[in-house]
1. Give the residues of the stretch 111-140 that are touching a helix residue (DSSP H, G or I) at 6+ places or on another chain (Cβ under 8 Å) and more than 24 Å from S90 (Cα to Cα), sorted by residue number.
2. Return yes or no: is Q127 buried (at least 18 other Cβ atoms within 10 Å of the Cβ), over 22 Å from L191 (Cα atoms) and among the polar types (S, T, N, Q)?
3. Filter the stretch 190-213 down to the residues that are more than 14 Å from T176 (Cβ to Cβ) and within 14 Å of the chain's Cα centre (by Cα), then identify the one that is surrounded by the most Cβ atoms within 10 Å (Cβ to Cβ).
4. Take V91 and decide whether it is surrounded by 15 or more Cβ atoms within 10 Å (Cβ to Cβ), at pLDDT 95 or above, over 16 Å from L150 (Cβ atoms) and not polar (S, T, N, Q).
5. When you scan the stretch 1-115 for helices (runs of 4 or more DSSP H) that lie fully inside it, which ones turn up with 3 or more residues that are within 30 Å of E133 (Cβ to Cβ)?
6. Looking at the stretch 65-76, is at least one residue free of Cβ contacts under 8 Å to residues at least 40 places away in the same chain and in contact with a helix residue (DSSP H, G or I) (Cβ under 9 Å, 6 or more places away or on another chain)?
7. With respect to Q120, determine if the residue is crowded, with 16+ Cβ neighbours inside 10 Å, under 30 Å from A68 (Cα atoms) and among the polar types (S, T, N, Q).
8. For L147, all conditions in the list (1) surrounded by 19 or more Cβ atoms within 10 Å (Cβ to Cβ); (2) more than 20 Å from I87 (Cα to Cα) hold save one; what is the number of the exception?
Amino acid sequence: MNLFNSSSLALLGGAGKAGFPVVQAALQAGHRVRVLLRHPAQFAVRHERLTILEGDARDPVALRQLLAGSSALISTLGNPRGESVPILSSVTAHLLALLPELGIRRYITVTSLYDTDQPQPDAATRQAAAYMEQHFPAFMADRHRELALLASSPLDWTCVRLPLVVEAPATGIVQTSLTHRPGPQIAAADLAQFLLGQLSSDKFLRQCPFVAN
């Protein structure tokens, strides 16, 4: 099943540790890429197939400009550094209103939510979930709201549960699981390839796989 019939890709979070390698890998793969950045002057990449838009993901007008002419969206968006109010569920609400209107079905995003709402037999995953819920309760509550919004939408979404993302050489190996965290970290370059690979795969359609090296 080919879920991505065009080479035009919109990206949120493209300046971050997880997102920047996605921009690079998408351009290397021949995609036309559109990124929304709050500080575009600080973005090091320039390319004939790269369109850089200045704006904030919390602004529906900026999101509409980003998505215009795109066939899919990948988001590695996190909360703005230094801001204590979670934003991701509100951004997701804006996106879920815009994507169907613009004819975009494929939406791939990432999350730090380890709680699967199911009994967790894996001790490491259970401990990681408890740590996140204890130390970042507002952010985890926002992640729960985000996932509930996705689950109620008609989109072809995939929400990837991330371990620690590290700047390390690519291994070429990504382990996945729908039930538990298969490892403590993943190289950003491997994550980028995995996220791009989901554009043409329905293996994790409307699911939340854990990934790791």
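1. Within the stretch 111-140, Q120 is the sole residue that qualifies.
2. no
3. The qualifying residue surrounded by the most Cβ atoms within 10 Å (Cβ to Cβ) is A192.
4. Against the criterion (surrounded by 15 or more Cβ atoms within 10 Å (Cβ to Cβ), at pLDDT 95 or above, over 16 Å from L150 (Cβ atoms) and not polar (S, T, N, Q)), V91 does not qualify.
5. Working: elements: 19-28, 60-67, 88-101.
The helices (runs of 4 or more DSSP H) meeting that bar are 19-28, 88-101.
6. No; the residues of the stretch 65-76 include none that is free of Cβ contacts under 8 Å to residues at least 40 places away in the same chain and in contact with a helix residue (DSSP H, G or I) (Cβ under 9 Å, 6 or more places away or on another chain).
7. No.
8. So the condition that L147 fails would be (2).
The values are calculated or read from the model by the stated rules, or taken from the named source; none is laboratory data. Remember, predicted model here, so these are calculated numbers, not experimental data. A quick note on method: Cβ atoms are made from the backbone with ideal geometry, for glycine too, and the neighbour counts reach across all protein chains shown.
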